[in-house]
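*Asks:* Got a structure here, written out as C-alpha coordinates. Questions coming.
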(Lines give C-alpha, C1' and ligand atoms only; values in the text may rest on other atoms or scores of the structure.)
Protein backbone atom coordinates (compact mmCIF):
# COMPACT_ATOMS: atom_id res chain seq x y z
CA UNK A 1 0.00 0.00 0.00
CA UNK A 2 1.41 3.39 -1.00
CA UNK A 3 2.05 6.27 1.35
CA UNK A 4 -0.66 8.29 -0.43
CA UNK A 5 -3.30 5.63 0.16
CA UNK A 6 -2.40 5.50 3.86
CA UNK A 7 -2.70 9.26 4.10
CA UNK A 8 -6.20 9.12 2.70
CA UNK A 9 -7.44 6.66 5.33
CA UNK A 10 -9.71 8.20 8.02
CA UNK A 11 -7.87 9.18 11.18
CA UNK A 12 -10.71 8.22 13.55
CA UNK A 13 -14.20 6.76 13.81
CA UNK A 14 -17.04 8.97 12.57
CA UNK A 15 -19.73 9.33 15.25
CA UNK A 16 -23.37 9.98 14.42
CA UNK A 17 -25.17 12.46 16.69
CA UNK A 18 -28.78 11.43 17.38
CA UNK A 19 -30.40 13.90 19.78
CA UNK A 20 -32.81 12.34 22.27
CA UNK A 21 -35.93 13.65 23.91
CA UNK A 22 -33.87 14.33 27.02
CA UNK A 23 -31.46 16.45 24.98
CA UNK A 24 -34.22 18.66 23.57
CA UNK A 25 -35.93 18.82 26.96
CA UNK A 26 -32.72 20.16 28.51
CA UNK A 27 -32.38 22.74 25.72
CA UNK A 28 -36.01 23.71 26.21
CA UNK A 29 -35.53 24.23 29.94
CA UNK A 30 -32.46 26.34 29.28
CA UNK A 31 -34.40 28.56 26.87
CA UNK A 32 -37.31 28.70 29.33
CA UNK A 33 -35.09 29.94 32.17
CA UNK A 34 -33.75 32.59 29.79
CA UNK A 35 -37.42 33.56 29.16
CA UNK A 36 -37.15 32.76 25.47
CA UNK A 37 -40.55 31.10 25.53
CA UNK A 38 -41.04 30.56 21.81
CA UNK A 39 -37.71 28.79 21.46
CA UNK A 40 -38.44 26.83 24.64
CA UNK A 41 -41.78 25.68 23.21
CA UNK A 42 -40.10 24.58 19.99
CA UNK A 43 -37.52 22.46 21.83
CA UNK A 44 -40.04 20.94 24.24
CA UNK A 45 -42.38 20.07 21.37
CA UNK A 46 -39.48 18.23 19.71
CA UNK A 47 -38.76 16.42 22.97
CA UNK A 48 -42.41 15.35 23.20
CA UNK A 49 -42.29 14.01 19.64
CA UNK A 50 -39.33 11.82 20.59
CA UNK A 51 -40.79 10.75 23.95
CA UNK A 52 -44.57 11.19 23.68
CA UNK A 53 -45.37 9.21 26.82
CA UNK A 54 -43.19 11.23 29.20
CA UNK A 55 -45.54 13.28 31.43
CA UNK A 56 -42.84 15.69 32.66
CA UNK A 57 -42.18 16.83 29.10
CA UNK A 58 -45.89 17.29 28.40
CA UNK A 59 -46.33 19.19 31.67
CA UNK A 60 -43.47 21.56 30.87
CA UNK A 61 -45.00 22.21 27.46
CA UNK A 62 -48.31 23.02 29.15
CA UNK A 63 -46.58 25.49 31.48
CA UNK A 64 -44.93 27.25 28.55
CA UNK A 65 -48.24 27.42 26.67
CA UNK A 66 -49.86 29.00 29.73
CA UNK A 67 -47.16 31.65 29.96
CA UNK A 68 -47.66 32.40 26.26
CA UNK A 69 -51.39 32.85 26.92
CA UNK A 70 -52.41 29.68 25.07
CA UNK A 71 -54.56 28.46 27.96
CA UNK A 72 -56.81 26.11 25.98
CA UNK A 73 -53.82 24.36 24.41
CA UNK A 74 -52.18 24.09 27.83
CA UNK A 75 -55.32 22.55 29.31
CA UNK A 76 -55.44 19.96 26.54
CA UNK A 77 -51.94 18.81 27.51
CA UNK A 78 -52.78 18.82 31.23
CA UNK A 79 -55.92 16.74 30.74
CA UNK A 80 -53.90 14.32 28.61
CA UNK A 81 -51.45 13.83 31.49
CA UNK A 82 -54.16 13.21 34.08
CA UNK A 83 -56.33 11.00 31.85
CA UNK A 84 -53.71 9.03 29.91
CA UNK A 85 -50.15 9.39 31.21
CA UNK A 86 -49.95 9.86 34.99
CA UNK A 87 -52.99 10.55 37.16
CA UNK A 88 -50.66 11.01 40.15
CA UNK A 89 -49.23 14.25 38.75
CA UNK A 90 -51.70 16.18 40.89
CA UNK A 91 -49.91 19.50 40.34
CA UNK A 92 -51.66 19.48 36.97
CA UNK A 93 -54.85 20.36 38.84
CA UNK A 94 -53.19 23.52 40.15
CA UNK A 95 -52.11 24.51 36.63
CA UNK A 96 -55.61 23.76 35.32
CA UNK A 97 -57.13 25.91 38.04
CA UNK A 98 -54.98 28.87 37.02
CA UNK A 99 -55.68 28.41 33.34
CA UNK A 100 -59.43 28.14 33.81
CA UNK A 101 -59.34 31.26 35.97
CA UNK A 102 -57.58 33.15 33.18
CA UNK A 103 -60.20 31.91 30.70
CA UNK A 104 -63.01 33.09 32.97
CA UNK A 105 -64.25 29.57 33.73
CA UNK A 106 -64.33 30.16 37.47
CA UNK A 107 -66.34 27.09 38.46
CA UNK A 108 -63.82 24.80 36.77
CA UNK A 109 -60.95 26.76 38.34
CA UNK A 110 -62.56 26.34 41.75
CA UNK A 111 -63.04 22.61 41.17
CA UNK A 112 -59.41 21.94 40.19
CA UNK A 113 -58.02 24.18 42.94
CA UNK A 114 -59.92 22.26 45.61
CA UNK A 115 -58.99 18.97 44.00
CA UNK A 116 -55.32 19.89 44.18
CA UNK A 117 -55.58 20.78 47.88
CA UNK A 118 -57.40 17.53 48.54
CA UNK A 119 -54.83 15.38 46.75
CA UNK A 120 -51.64 17.15 47.89
CA UNK A 121 -52.15 18.82 51.28
CA UNK A 122 -48.46 19.65 51.65
CA UNK A 123 -47.75 20.33 47.98
CA UNK A 124 -45.49 22.93 46.48
CA UNK A 125 -48.39 25.08 45.28
CA UNK A 126 -50.66 25.00 48.32
CA UNK A 127 -50.13 28.66 49.26
CA UNK A 128 -50.67 29.82 45.69
CA UNK A 129 -53.79 27.69 45.48
CA UNK A 130 -55.21 29.21 48.64
CA UNK A 131 -54.63 32.68 47.19
CA UNK A 132 -56.37 31.65 43.98
CA UNK A 133 -59.35 30.27 45.90
CA UNK A 134 -59.66 33.53 47.79
CA UNK A 135 -59.82 35.42 44.50
CA UNK A 136 -62.34 32.97 43.07
CA UNK A 137 -64.53 33.35 46.15
CA UNK A 138 -64.54 37.11 45.67
CA UNK A 139 -65.56 36.61 42.03
CA UNK A 140 -68.33 34.21 43.09
CA UNK A 141 -69.90 36.90 45.27
CA UNK A 142 -70.31 39.11 42.20
CA UNK A 143 -71.55 36.41 39.80
CA UNK A 144 -74.67 34.26 40.02
CA UNK A 145 -74.74 30.48 39.84
CA UNK A 146 -76.36 30.49 36.39
CA UNK A 147 -73.25 32.02 34.85
CA UNK A 148 -71.08 29.45 36.63
CA UNK A 149 -73.25 26.69 35.16
CA UNK A 150 -72.81 28.17 31.69
CA UNK A 151 -69.03 28.23 32.13
CA UNK A 152 -69.08 24.60 33.20
CA UNK A 153 -71.20 23.58 30.20
CA UNK A 154 -68.96 25.39 27.72
CA UNK A 155 -65.85 23.81 29.23
CA UNK A 156 -67.28 20.30 29.07
CA UNK A 157 -68.46 20.77 25.50
CA UNK A 158 -65.05 22.07 24.44
CA UNK A 159 -63.30 19.14 26.11
CA UNK A 160 -65.69 16.69 24.44
CA UNK A 161 -64.94 18.27 21.06
CA UNK A 162 -61.21 17.88 21.68
CA UNK A 163 -61.71 14.22 22.61
CA UNK A 164 -63.63 13.62 19.37
CA UNK A 165 -60.99 15.35 17.26
CA UNK A 166 -58.19 13.36 18.89
CA UNK A 167 -59.98 10.02 18.44
CA UNK A 168 -60.74 9.35 22.11
CA UNK A 169 -64.30 8.29 21.36
CA UNK A 170 -65.11 6.22 24.49
CA UNK A 171 -64.03 9.11 26.72
CA UNK A 172 -66.07 11.52 24.61
CA UNK A 173 -69.12 9.26 25.03
CA UNK A 174 -68.66 9.20 28.79
CA UNK A 175 -68.29 12.98 29.04
CA UNK A 176 -71.18 13.75 26.68
CA UNK A 177 -73.51 11.40 28.53
CA UNK A 178 -72.70 13.24 31.75
CA UNK A 179 -73.46 16.56 30.01
CA UNK A 180 -76.81 15.24 28.79
CA UNK A 181 -77.68 13.97 32.27
CA UNK A 182 -77.07 17.47 33.63
CA UNK A 183 -78.46 19.42 30.65
CA UNK A 184 -81.12 17.19 29.03
CA UNK A 185 -82.08 19.79 26.41
CA UNK A 186 -78.57 20.69 25.28
CA UNK A 187 -78.89 19.38 21.73
CA UNK A 188 -75.29 20.04 20.72
CA UNK A 189 -74.21 17.34 23.19
CA UNK A 190 -76.64 14.85 21.60
CA UNK A 191 -75.27 15.58 18.13
CA UNK A 192 -71.69 15.11 19.25
CA UNK A 193 -72.67 11.94 21.10
CA UNK A 194 -74.20 10.58 17.89
CA UNK A 195 -70.92 11.32 16.08
CA UNK A 196 -68.93 9.55 18.81
CA UNK A 197 -71.06 6.39 18.54
CA UNK A 198 -70.85 6.50 14.74
CA UNK A 199 -67.04 6.70 14.90
CA UNK A 200 -67.11 3.73 17.28
CA UNK A 201 -69.06 1.74 14.69
CA UNK A 202 -72.36 1.70 16.61
CA UNK A 203 -74.45 3.04 13.74
CA UNK A 204 -77.80 2.10 15.27
CA UNK A 205 -77.05 3.91 18.53
CA UNK A 206 -75.98 6.99 16.55
CA UNK A 207 -79.19 6.90 14.52
CA UNK A 208 -81.34 6.49 17.65
CA UNK A 209 -79.78 9.58 19.22
CA UNK A 210 -80.42 11.66 16.10
CA UNK A 211 -84.01 10.44 16.01
CA UNK A 212 -84.47 11.64 19.59
CA UNK A 213 -83.17 15.06 18.56
CA UNK A 214 -85.58 15.20 15.61
CA UNK A 215 -88.50 14.26 17.85
CA UNK A 216 -87.76 16.81 20.56
CA UNK A 217 -86.05 19.53 18.51
CA UNK A 218 -87.47 19.26 14.96
CA UNK A 219 -85.40 20.81 12.19
CA UNK A 220 -82.13 20.75 14.14
CA UNK A 221 -79.60 21.60 11.42
CA UNK A 222 -76.62 19.89 13.05
CA UNK A 223 -78.61 16.67 13.37
CA UNK A 224 -79.68 16.85 9.71
CA UNK A 225 -76.06 17.37 8.64
CA UNK A 226 -74.90 14.46 10.77
CA UNK A 227 -77.64 12.27 9.30
CA UNK A 228 -76.37 13.12 5.80
CA UNK A 229 -72.79 12.28 6.77
CA UNK A 230 -73.88 8.94 8.24
CA UNK A 231 -75.88 8.06 5.12
CA UNK A 232 -72.96 9.09 2.88
CA UNK A 233 -70.48 6.77 4.64
CA UNK A 234 -73.04 3.94 4.70
CA UNK A 235 -73.53 4.39 0.92
CA UNK A 236 -77.27 4.89 1.34
CA UNK A 237 -77.63 6.77 -1.96
CA UNK A 238 -81.42 7.43 -1.86
CA UNK A 239 -81.12 8.86 1.65
CA UNK A 240 -78.10 10.94 0.64
CA UNK A 241 -79.99 12.44 -2.30
CA UNK A 242 -83.10 13.19 -0.22
CA UNK A 243 -81.09 14.90 2.53
CA UNK A 244 -78.97 16.88 0.08
CA UNK A 245 -82.09 18.14 -1.69
CA UNK A 246 -83.54 19.19 1.66
CA UNK A 247 -80.37 20.89 2.92
CA UNK A 248 -79.79 22.79 -0.34
CA UNK A 249 -83.03 24.68 0.33
CA UNK A 250 -81.74 25.94 3.68
CA UNK A 251 -80.15 29.40 3.78
CA UNK A 252 -78.56 29.63 7.23
CA UNK A 253 -78.12 33.04 8.82
CA UNK A 254 -75.75 32.25 11.70
CA UNK A 255 -72.05 31.78 11.02
CA UNK A 256 -72.06 28.52 12.97
CA UNK A 257 -74.80 27.03 10.77
CA UNK A 258 -73.12 28.28 7.59
CA UNK A 259 -69.90 26.55 8.55
CA UNK A 260 -71.61 23.31 9.61
CA UNK A 261 -73.64 23.09 6.42
CA UNK A 262 -70.70 24.09 4.22
CA UNK A 263 -68.39 21.55 5.85
CA UNK A 264 -71.03 18.83 5.44
CA UNK A 265 -71.47 19.60 1.75
CA UNK A 266 -67.69 19.56 1.26
CA UNK A 267 -67.42 16.21 3.01
CA UNK A 268 -70.13 14.68 0.84
CA UNK A 269 -68.81 16.00 -2.48
CA UNK A 270 -71.07 19.04 -3.02
CA UNK A 271 -68.17 21.44 -3.54
CA UNK A 272 -70.09 24.26 -5.23
CA UNK A 273 -72.61 24.37 -2.41
CA UNK A 274 -69.81 24.20 0.13
CA UNK A 275 -67.91 27.05 -1.52
CA UNK A 276 -70.95 29.33 -1.58
CA UNK A 277 -71.44 28.81 2.16
CA UNK A 278 -67.83 28.88 3.32
CA UNK A 279 -66.64 31.74 1.13
CA UNK A 280 -68.22 34.52 3.27
CA UNK A 281 -66.17 33.45 6.30
CA UNK A 282 -63.03 34.41 4.38
CA UNK A 283 -64.38 37.94 3.95
CA UNK A 284 -64.59 38.69 7.59
CA UNK A 285 -67.69 36.93 8.96
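The values are calculated or read from the model by the stated rules, or taken from the named source; none is laboratory data. On a predicted model such as this, the values are computed, not experimentally measured, just so you know. Reconstructed Cβ throughout: ideal geometry from the backbone, glycine too, with neighbour counts over all protein chains shown.
*Asks:* So which residues in the range 237-261 are in contact with a helix residue (DSSP H, G or I) (Cβ under 8 Å, 6 or more places away or on another chain), farther than 18 Å from residue 219 by Cβ and at pLDDT 85 or above, if there are any at all?
*Replies:* Once the filter is applied, which keeps residues that are in contact with a helix residue (DSSP H, G or I) (Cβ under 8 Å, 6 or more places away or on another chain), farther than 18 Å from residue 219 by Cβ and at pLDDT 85 or above, the range 237-261 yields only 240.
*Asks:* Please specify each residue of the range 119-130 satisfying the condition of being over 21 Å from residue 79 (Cβ atoms) and either at pLDDT 90 or above or touching a helix residue (DSSP H, G or I) at 6+ places or on another chain (Cβ under 9 Å) (or both).
*Replies:* Selection gives 126, 127, 130.
*Asks:* Among the helices (runs of 4 or more DSSP H) lying completely within the range 12-86, list those that include at least 3 residues that are under 20 Å from the mean Cα position of the chain (by Cα) and surrounded by 15 or more Cβ atoms within 10 Å (Cβ to Cβ). Outline the logic, then answer.
*Replies:* Values: elements: 21-33, 37-50, 55-67, 71-80.
The qualifying helices (runs of 4 or more DSSP H) are 37-50, 55-67, 71-80.
*Asks:* Looking at (1) surrounded by fewer than 21 Cβ atoms within 10 Å (Cβ to Cβ); (2) touching a helix residue (DSSP H, G or I) at 6+ places or on another chain (Cβ under 7 Å); (3) outside any loop (DSSP other than H, G, I, E, B), find the lone condition where residue 116 falls short.
*Replies:* Answer for residue 116: the failing condition is (1).
Each row is one residue, and each column tells you yes or no for (1) at pLDDT below 90; (2) closer than 24 Å to residue 258 by Cα.
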| site | (1), (2) |
| --- | --- |
| 154 | yes, yes |
| 168 | yes, no |
| 177 | no, no |
| 192 | no, yes |
| 196 | no, yes |
| 218 | yes, yes |
| 221 | yes, yes |
